[in-house]
1. Non-local amide H neighbours of R150 (under 5 Å, H modeled in plane, Pro and chain starts lacking H): which ones?
2. Which of these values of volume of the Cα convex hull per residue in Å³ was calculated from the structure shown: (i) 193; (ii) 244; (iii) 159?
3. How far, in nm, would the chain grow between T550 and Y750 when pulled straight, counting 0.36 nm per residue and subtracting the alpha carbon separation?
4. If neighbour count is taken as other Cβ atoms inside 10 Å, put W605, W338 in order from fewest to most.
5. Compute the helix-to-body angle for 158-168: its Cα long axis versus the longest principal axis of the chain, expressed 0 to 90° and rounded to tens.
6. Expressed in nm to one decimal, what extension gain is obtained for the pair V648 and L470 from 0.36 nm per residue of sequence separation less their Cα-Cα distance?
7. Nearest 10 degrees, 0 to 90: what angle lies between the long axis of helix 411-430 and the longest principal axis of the chain (Cα atoms)?
8. In a Debye calculation with equal point scatterers on the alpha-carbon sites of segment 525-613 and no solvent, what is log10 I(q)/I(0) at q = 0.11, 0.16, 0.23 Å⁻¹?
Amino acid sequence: MKENPDIEVKLESNPDYTTYHQKMLTQYAGNTAPDVAMMDPGHFTALANRGALLNLNDFMKRTPGFDIGKYYKPIVDAHSLNGNLYVLPRDIAPSGLVYYNKEAFKEAGIPLPDGTWTWDFKERPELKEKDFLWVMHKLTKVGSDGKPTRYGYVSGWPGLFADTLMYSYGLQPANDNQHPTKVLYGSPEMKKVYTLLQDLTLEKKWSPSSVDVSNVLQQNTTSLFVKGKVAMFQNGIWEVPNVRRDMKPDSKEFFDWDIAMFPAYANGHRGYATGGSGYCIFSSTPHPEESWRLCRYMAGPVGMRAMAQAGIAQPAIREVALSDCWIPGPNTPKEQQWPHNRIITDTEVQYVNFGPTAEIWPEISAIMGSRQDSVYNGLMKPEEALGTGAIESQQRLDALLKEETLPLFNWGYGVALGVLIIAVVLFAVYWPERKLRYTRRQKKENAAAYRFLSPWLIGLCLFTLGPMILSLIMSFLNWDMIRPAQWRGVHNYTEAMTEDPRFWISLKVTAYYTLVSTPLGILIALMLAMLLNQKVRGIPLFRAMFYIPTIASTVAMTLVTRKIMSPDEGLLNTILYNPIFEKTLHLGSLLNQWSGTKPGEHVNWLGNEHTTMPAVILLSLVGVGGTMLILLAGLQGVPQYYYEAATVDGASAWRRFRSITLPMITPSIFFTMITGFIGSFQVFTQVFVITNGQGGGPNNSLWVYMIALYSNAFQTLRMGYAAALAWVLFLIILIITLLQMQASKRWVYYEAEAK
């Protein structure tokens with residue numbers, strides 16, 4: 001930097017913003033946090049409460065000429081906690097901006113929005129362009145097949161539309177943003193808001209639902225606007241660079257567009273969800289003064305002007321936000337003239353709502369979010385979804401508030417417990433041999449053996465037994481690996497059994513996956529193995545073809561599967577809904593009836609709670625190649641003379657399979673069953689990719705056990721609870737494995753043993 005030549009800045013990028021904040025937490029826990037990081041109001045409290053961020057008040061006081069009063073007050077307050085500023089604001093991002101296609105308005109004969117329109121829970125045709133729902137209706141175009149060819153409106157994400165309606169109707173998600181104690185999603189007024197959203201997206205179809213956007217149209221909402229598939233698009237100002245990039249003036253893709261304020265409610269009340277960000281300094285930095293200078297530069301007039309000229313975000317300093325670097329003027333380059341009405345970004349600041357910023361709110365929001373998704377997808381009515389979600393999230397909020405008073409844990413007891421466990425293990429190993437007497441030679445040989453084994457034994461204790469003991473101790477703690485651990489006793493386990501509603505959901509979903517995918521996978525693998533056990537030319541090539549998908553990237557295979565299972569353009573539905581199959585087998589109609597899909601529509605495999613798990617099970621069958629090879633090896637180990645003798649005796653092919661093949665390969669089947677059950681209980685990657693890293697799926701239909709464990713461990717840093725879940729899973733797998741081994745005595749045949 002020219003202004004600070006003595007400072008060298010190393011930039012670390014993180015393209016995945018959905019995991020950015022959890023990575024900041026884990027980096028701080030691992031003592032690898034950066035000096036300066038971008039932060040937002042919804043996540044900084046988790047770091048500030050853990051002492052991970054420096055208080056910026058002292059820096060501001062001793063900096064000559066620095067005036068925090070020049071910044072928009074709402075964004076400063078949103079980044080403050082208990083009167084202390086922890087994040088120096090860089091931008092503020094009201095999300096109540098409606099990008100609109102001027103040509104679509106002119107085509108429909110509707111005057112351009114002037115900011116005086118309003119919305120109500122019913123369309124008001126008498127108000128015409130002053131009624132938002134009427135405008136949305138008139139801008140929607142429907143094709144000959146009854147499906148929309150252009151939607152009237154779409155929001156950047158479903159929750160944005162819901163939040164905007166909520167805030168402008170005068171509602172709030174919680175009773176206090178910094179210290180919430182009550183969840184307010186269960187009110188009749190809130191259910192009324194979500195009923196309107198469901199009506200507009202799923203019934204009237206004036207706006208595409210989240211399912212339509214992600215699985216049918218398979219485009220992001222910005223692309224829908226740029227390609228003319230929606231006439232109005234709501235989002236923050238940060239979408240301007242994307243729209244400019246895709247629609248350059250004088251290009252054939254360009255159409256005239258601008259932005260307007262989202263309408264007020266019928267009584268004139270306005271309220272908008274908002275974002276914003278800034279720069280924080282980690283307390284672990286060895287360069288606090290240099291970090292502060294960097295923050296002042298990037299979140300100061302110089303950095304904000306560069307950001308504004310690029311159209312990235314609205315400056316947090318109002319004076320800069322009102323200058324010609326942000327508001328188009330006569331000297332503004334042509335490409336930067338759009339949107340013309342950017343002055344409304346300043347007007348909207350007075351109506352912004354940041355929502356709850358408490359550290360515990362993301363976990364509450366995640367519980368509520370799964371129920372909200374059910375509303376967006378049409379799987380549940382708002383009365384049921386919000387009512388259930390409000391109860392579940394309130395119970396969790398009450399439990400989290402109680403945890404703040406737990407006693408601290410003395411790690412001396414933990415060390416003592418670890419030593420005791422190791423002593424018990426050693427005692428159990430050596431006690432049976434206490435009466436044995438060894439000669440001097442045997443003792444010498446034993447000592448030599450232990451010397452050779454010592455590297456492995458040390459590794460076992462340090463990297464296997466040690467972590468297991470630590471995780472066992474952690475399962476009785478409330479610990480995030482940053483703040484001091486608190487003793488919770490068995491409450492982590494009782495919470496899972498009695499308080500956490502998604503624990504039993506995860507067990508149910510995982511059991512469903514395991515009980516279907518494992519036997520089905522073994523059956524198909526056995527069929528393939530028998531097919532590939534034939535002695536014909538080219539069989540090694542076919543074996544390789546069936547095995548190769550097993551070694552392919554799970555992520556890549558899942559992404560391909562998402563394309564195949566696309567509702568309208570996917571290969572699977574193209575086959576199932578083919579007129580030939582539909583007339584003869586009626587596969588599409590039967591599938592629609594089973595999944596609850598409306599007649600005439602294609603089933604949404606990854607957006608319907610009835611079909612998401614079958615879709616994942618179908619995906620798991622791609623990896624049967626490994627099981628096939630094991631069973632093929634078992635088949636090739638069956639002596640050929642058994643078949644010859646049976647053939648001479650007149651045994652049919654089925655009798656030979658049932659009486660010779662199947663008994664002889666039962667050890668291989670038993671092995672694949674054991675490993676299959678263990679692996680299926682730990683299914684994670686496929687579900688994680690299918691749900692875009694969010695987990696859960698529609699109505700928690702994909703909330704498998706490992707997603708629940710991952711969410712608690714790395715998204716909310718509830719390491720103690722996650723450790724308890726891990727031990728519960730260990731016990732479940734252990735019990736099932738022991739039962740399988742006990743049952744194997746009745747059906748597994750080992751040729752070397754007498755039966």
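Derivation of every value follows stated rules applied to the coordinates shown; laboratory data play no part. Predicted model, so just to flag it, every value in this text is computed and none were measured. Reconstructed Cβ throughout: ideal geometry from the backbone, glycine too, with neighbour counts over all protein chains shown.
1. K141
2. This structure yields the entry labelled (ii).
3. 69.2 nm
4. W338, W605
5. 40
6. Extra length from V648 to L470 when fully extended: 57.8 nm.
7. That works out to roughly 20 degrees.
8. Each listed q maps to, in turn, -0.48, -0.82, -1.02.
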